[in-house]
Amino acid sequence: MAEYDAGSGWRLTASVPFVREQVGEARETLLELAAVLRGDGPVDPRGVALLDGLLTDSSSPVYVRSAGGALKLKAQSALYNLGGGWNGGY
């Protein structure tokens, strides 16, 4: 317990580790998503729902190693749908 109190021991956290390589590959699209959500313009609920699933579903490519480009593709889909577009349900 002394190590924990000193800040050098283990820490209890609810955070889930993400797949760094996949997040890095989708970085630009993820940053675009953040910019759109921070902006003043309206967003379509479909895009918000897709992004919510991407970030909260423990089986999403954010958290589970997936086929190359899977996270980027899903992030692009959410970005496209934030603007009210339709991309076949991806």
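For beta carbons closer than 8 Å, sequence separation of 6+ or different chains, a first residue in segment 37-65 that is touching a residue at least 24 places away in the same chain (Cβ under 8 Å) and a second that is assigned to a helix (DSSP H, G or I) and hydroxyl-bearing (Ser, Thr, Tyr), the qualifying pairs are Gly47/Tyr80; Leu50/Ser77. Within this structure, Arg38 fails the test of being exposed (fewer than 11 other Cβ atoms within 10 Å of the Cβ), at pLDDT below 90 and of a type in the set (D, E, K, R).
The values are calculated or read from the model by the stated rules, or taken from the named source; none is laboratory data. What you see is a predicted model, and the numbers here were worked out from it, not measured in a lab. Ideal geometry is used to build each Cβ from the backbone, glycine not excepted, and the neighbour counts take in all protein chains shown.
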